[in-house]
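Enquirer: Right, I'll just put the structure down here and ask away after.
The values are calculated or read from the model by the stated rules, or taken from the named source; none is laboratory data. Worth saying up front: this structure is predicted, and the values here are computed from it rather than measured. Here Cβ is always computed from backbone atoms with ideal geometry, including for glycine, and neighbour counts include all displayed protein chains.
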Amino acid sequence: MDSKKEQALVGLFVLIAAGVLLATVFAISGVGRAGTAYRAYFKFAAGLQPGMTVSYAGIKVGRVERLQIDPQDPRRIEVTFRVPDEIPVKTDSLVKIISMSALGENQLEITAGSPEAKRAPENTVLPSKEFFGITQLADTLESLSPEAKRLLENLNKRVEELQVTVARVNDLINDSNRANVAQSLSSVRGMLEENRPKLKATMSNVEATSAKMPALVDDFKKTVKDADQAIVKIDEMLGENRPDIRASIAELRKTLTSASELVDQMGRTVNYNSENIDETLENIRITTENLKQFTDTIKSRPYTLIRATPAPERKPGEPPKQ
């Protein structure tokens, strides 16, 4: 009887232990737990495991349910997690992997979305931010090493150029050049001392001219005022005599119109009589040549005005011929 009682107690203990174990497994895995499941994708899972904490704005709200390689893209890890229905996960809520301490385990963090965004439905793929840890930092530094090497090489070149520049500056300010600069300054000082009276006189003239400037400005203002008054008077005169001026301008326009018509008529007349004019000019030219010949004949033989024939020739001592 005692043996059966012990066996019954042992069996009861095993059943209770199995029930506790199953309840613990269900609690850790989330099976049968109410809530909304979401998904996110990462290139690096950073040691996440099913059952790890999921927090919302720093508050623990759920656990990771599953991690698997994305069948569509093997470079990504699909993380499925579940949170209570009352957690306001929005469509623009960001999912990232964080660690609350340097030695603590990583966990999944959900950031609060914008107030105007809609509530994310069941099984929504939320946007994610990649984890940045020591490994990623080392990779980043390794990718930057060529750039850092080039930067150090450029820096070394600039240092060498600076050394050359410093050497040239030292060469420029050697003892000989400093003596030349001091001598030049002494020469400039001597020139200033020699020309100080002239400079003083020039400054005095400038001051005197400046003193006369107000009077010149006043005269200019007066001249401008007189010019304004003259313009006003001319405007008044034009306003008073405007009808007469308009009439004179109208008569002048008529005269110009008549003159233009007369010029046009003369042009037409000249065009019409151009051939007669050419003939007349030719006759005048011939007449002018005849007059020129007649004038030359009179100058060389004036007796032709009295005699029709030239005088007979005679020798000296002979009586004139009848």
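Enquirer: Can you go through Ala167, Ala112 and tell me which one is of a type in the set (Gly, Ala, Ser), farther than 30 Å from Pro84 by Cβ and modelled with pLDDT of 80 or more? Walk me through it before giving the result.
Expert: On the way: Ala112 fails: farther than 30 Å from Pro84 by Cβ.
One residue alone meets the criteria, Ala167.
Enquirer: Mind telling me which of the residues Gly113, Gly190 ends up being over 30 Å from Lys43 (Cβ atoms) and surrounded by 10 or more Cβ atoms within 10 Å (Cβ to Cβ)? Outline the logic, then answer.
Expert: On the way: Gly113 fails: over 30 Å from Lys43 (Cβ atoms).
Matching residue, one of Gly113, Gly190: Gly190.
Enquirer: If you go through the stretch 21-41, how many residues are modelled with pLDDT of 90 or more and among the aromatic types (Phe, Trp, Tyr)?
Expert: Final tally of qualifying residues: 2.
Enquirer: Among the residues of the stretch 53-66, is any of a type in the set (Val, Ile, Thr) and more than 19 Å from Thr36 (Cα to Cα)? Spell out the reasoning first.
Expert: Initial filter on the stretch 53-66 (of a type in the set (Val, Ile, Thr)): 53-54, 59, 61, 64.
Narrowing further to those that are more than 19 Å from Thr36 (Cα to Cα): none.
Within the stretch 53-66, none of the residues are of a type in the set (Val, Ile, Thr) and more than 19 Å from Thr36 (Cα to Cα).
Enquirer: Within the stretch 99-114, track down each residue that is in contact (Cβ under 8 Å) with a residue 40 or more places away in the chain and not hydroxyl-bearing (Ser, Thr, Tyr).
Expert: Taking the stretch 99-114 and keeping what is in contact (Cβ under 8 Å) with a residue 40 or more places away in the chain, we get 105-112.
Hits for the stretch 99-114 are Glu105, Asn106, Gln107, Leu108, Glu109, Ile110, Ala112.
Quick grid of which residues meet (1) over 30 Å from Ala46 (Cα atoms); (2) at pLDDT below 75; (3) of a type in the set (Gly, Ala, Ser); (4) assigned by TED's automatic domain parsing to the domain that holds Glu78:
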position: Val125; (1), (2), (3), (4): no, no, no, yes
position: Lys222; (1), (2), (3), (4): yes, no, no, no
position: Asp228; (1), (2), (3), (4): yes, yes, no, no
position: Ile231; (1), (2), (3), (4): yes, yes, no, no
